[in-house]
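The values are calculated or read from the model by the stated rules, or taken from the named source; none is laboratory data. Values in this document were obtained by computation on a predicted structure and should not be read as measured data. Glycine also receives a Cβ, built like all others from the backbone with ideal geometry; neighbour counts cover every protein chain displayed.
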Amino acid sequence: MNTDFHKRIYVAGHSGLVGSAILRTLKRRGYTNIVTRSHAELELTDQEQVREFFASEEIDEVYLAAARVGGIYANNTFPAEFIHDNLAVQTNVIHEAWRNNVQSLLFLGSSCIYPRMAPQPIKEAYLMESALEPTNEPYAMAKLAGIKLCESYNRQYGTDYRSVIPTNLYGSGDNYHPKNSHVIPALLRRFHEARIEGSASVSIWGTGNPRREFLHVDDMADACIHLMELDSELYRAHTQPMSSHVNIGTGSDITIGEVAGLIAKVVGYEGTIEYDSSQPDGTPRKWLNTECMQELGWKPTIGLEEGLIETYFSYCRDLLENTQRAQSRALDVQSQHRRQSFLFGQTRSAAHNQTYSSDLRH
Ligand code: NDP
């Protein structure tokens with residue numbers, strides 16, 4: 001096992017769903033030398049900035065969890081940004097990591113990079129066997145290129161850059177944007193708001209029939225670190241130089257309708273669920289074959305209902321913290337306003353006195 005707890009690890013995208021889970025898990029497991037940069041501090045699409053960062057930081061290992069990510073709506077609306085930004089981020093990070101002798105890197109793919117009609121459960125070998133799902137093709141092309149970048153540096157320069165293909169993820173720290181979020185955070189928010197507002201029904205995009213697999217992000221982070229701790233001989237024995245990625249999933253899937261029912265139960269929403277079949281369904285089924293990961297000694301531990309309860313709890317906690325922050329901001333503004341009114345009053349009475357004394361002088 002490759003467990004040097006003092007190696008210098010850069011987690012790219014540490015504020016995101018996956019990056020934050022990887023960061024928490026690395027710290028929990030005893031890794032002490034972790035480097036992070038916010039998006040504001042380091043723009044990963046900017047080659048110069050990435051070059052300077054790697055040249056000055058002496059990084060030993062990289063978890064590349066920074067990416068432009070979103071659901072069907074965001075992928076369909078911003079295809080240019082999805083392909084451009086992801087190609088730029090991964091090219092800059094992988095190339096500069098290699099230029100600065102980083103031997104070990106983990107690249108994050110996504111299950112949407114498998115062919116739309118791949119046989120189920122999807123084996124690692126099915127990559128690029130047929131056409132992609134059109135709604136996220138640009139994003140998927142970038143991710144495919146990321147895996148091929150890692151493999152090409154490994155083949156040409158002997159690096160040990162590994163790739164994982166996680167299934168759909170959820171958990172604390174997710175993006176709850178009303179239009180740009182993934183299935184579980186989007187549904188959690190919608191059911192929560194419907195319960196608070198007392199809405200009689202909730203409408204869901206598509207028919208509810210597509211089947212999806214959902215993995216809790218803490219399980220995912222655990223799997224990533226497990227994989228990076230494996231000796232390179234063992235990793236290579238279970239992969240191929242030009243098929244080096246490993247699936248990470250739960251081994252079982254569920255329909256969108258079933259997951260919506262489960263979320264309604266967790267949130268306590270008792271209205272009806274309607275399906276808007278005028279909206280696209282996306283890929284009919286996405287269920288990963290996880291035999292390789294099992295052979296490498298890992299399996300998930302968090303069940304879907306348990307994970308959803310934890311996620312809903314963290315969503316409510318974040319809402320509460322945001323409300324408290326908004327309230328304390330409002331109080332700040334109010335007290336500032338009072339202070340200003342007081343100062344304004346003082347200035348006015350000083351001005352009045354001055355006018356009065358000026359009047360006396362005349
Ligand atoms: P998030 O959107 O939650 O996080 C992305 C992170 O990357 C954020 O910290 C973001 O910072 C940062 N980032 C994005 N663009 C840039 C940039 N140009 N420069 C610097 N930082 C940037 O995404 P996830 O955590 O969900 O996804 C991470 C990875 O996991 C992706 O590669 C994705 O494909 C993969 N994955 C995710 C799945 C999921 O269900 N979420 C499923 C399968 C794979 P900021 O927010 O400040 O912009």
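Can you name every residue in segment 203-226 that is touching a helix residue (DSSP H, G or I) at 6+ places or on another chain (Cβ under 7 Å), within 16 Å of the ligand (Cβ to nearest atom) and either under 23 Å from Asp276 (Cβ atoms) or not in a strand (DSSP E or B) (or both)? If the condition is that a residue be touching a helix residue (DSSP H, G or I) at 6+ places or on another chain (Cβ under 7 Å), within 16 Å of the ligand (Cβ to nearest atom) and either under 23 Å from Asp276 (Cβ atoms) or not in a strand (DSSP E or B) (or both), then Pro210, Arg212, Phe214, Val217, Asp218, Met220, Ala221, Asp222, Ala223, Cys224, Ile225 are the ones that fit.
Listed residues Thr301, Thr250, Thr311, Thr272; which is exposed (fewer than 14 other Cβ atoms within 10 Å of the Cβ), in contact with an Asp or Glu (Cβ under 8 Å, 6 or more places away or on another chain) and at pLDDT 95 or above?
Working: Thr250 fails: exposed (fewer than 14 other Cβ atoms within 10 Å of the Cβ); Thr311 fails: exposed (fewer than 14 other Cβ atoms within 10 Å of the Cβ); Thr272 fails: in contact with an Asp or Glu (Cβ under 8 Å, 6 or more places away or on another chain).
Result: Thr301 is the single residue among Thr301, Thr250, Thr311, Thr272 that is exposed (fewer than 14 other Cβ atoms within 10 Å of the Cβ), in contact with an Asp or Glu (Cβ under 8 Å, 6 or more places away or on another chain) and at pLDDT 95 or above.
Restricting attention to segment 17-36 and to residues that are in a loop (DSSP other than H, G, I, E, B) and away from the ligand (no atom under 12 Å from the Cβ), the residue that is surrounded by the most Cβ atoms within 10 Å (Cβ to Cβ) turns out to be Tyr31. Please enumerate the residues belonging to segment 224-238 that are surrounded by 19 or more Cβ atoms within 10 Å (Cβ to Cβ) and touching a Ser or Thr at 6+ places or on another chain (Cβ under 9 Å). Once the filter is applied, which keeps residues that are surrounded by 19 or more Cβ atoms within 10 Å (Cβ to Cβ) and touching a Ser or Thr at 6+ places or on another chain (Cβ under 9 Å), segment 224-238 yields Cys224, Ile225, Met228.
In segment 106-124 there is at least one residue matching the filter, namely being of a type in the set (Gly, Ala, Ser), within 13 Å of the ligand (Cβ to nearest atom) and at pLDDT below 95. Here the condition is being outside any loop (DSSP other than H, G, I, E, B) and surrounded by fewer than 17 Cβ atoms within 10 Å (Cβ to Cβ); of Glu96, Glu81, it holds for Glu81 alone.
Taking Leu149 as the residue in question, decide whether it is without any contact (Cβ under 8 Å) to a residue 60 or more places away in the chain, in contact with a Cys (Cβ under 9 Å, 6 or more places away or on another chain) and away from the ligand (no atom under 12 Å from the Cβ).
Values: without any contact (Cβ under 8 Å) to a residue 60 or more places away in the chain: yes; in contact with a Cys (Cβ under 9 Å, 6 or more places away or on another chain): no; away from the ligand (no atom under 12 Å from the Cβ): yes.
No: the conditions fail for Leu149.
If you go through segment 141-173 and keep only what is surrounded by 23 or more Cβ atoms within 10 Å (Cβ to Cβ) and farther than 13 Å from Leu108 by Cβ, you end up with Tyr170, Gly171.
Picking from His14, His39, which residue would you name as being touching a helix residue (DSSP H, G or I) at 6+ places or on another chain (Cβ under 8 Å), more than 18 Å from Asn136 (Cα to Cα), within 12 Å of the ligand (Cβ to nearest atom) and not in a helix (DSSP H, G or I)? Give the steps one after another, and end with the answer.
Details: His39 fails: touching a helix residue (DSSP H, G or I) at 6+ places or on another chain (Cβ under 8 Å).
Of the residues listed, the single one that is touching a helix residue (DSSP H, G or I) at 6+ places or on another chain (Cβ under 8 Å), more than 18 Å from Asn136 (Cα to Cα), within 12 Å of the ligand (Cβ to nearest atom) and not in a helix (DSSP H, G or I) is His14.
Here Tyr139 clears all of (1) aromatic (Phe, Trp, Tyr); (2) assigned to a helix (DSSP H, G or I); (3) touching a strand residue (DSSP E or B) at 6+ places or on another chain (Cβ under 7 Å) except the condition numbered (3). Count of segment 153-193 residues, restricted to those that are more than 14 Å from the ligand (Cβ to nearest atom) and part of a helix (DSSP H, G or I), is 10. In segment 10-36, the residues that are without any contact (Cβ under 8 Å) to a residue 12 or more places away in the chain form Cβ pairs under 9 Å with partners that are within 15 Å of the ligand (Cβ to nearest atom), at six or more places apart or across chains, as follows: Lys27/Ile34.
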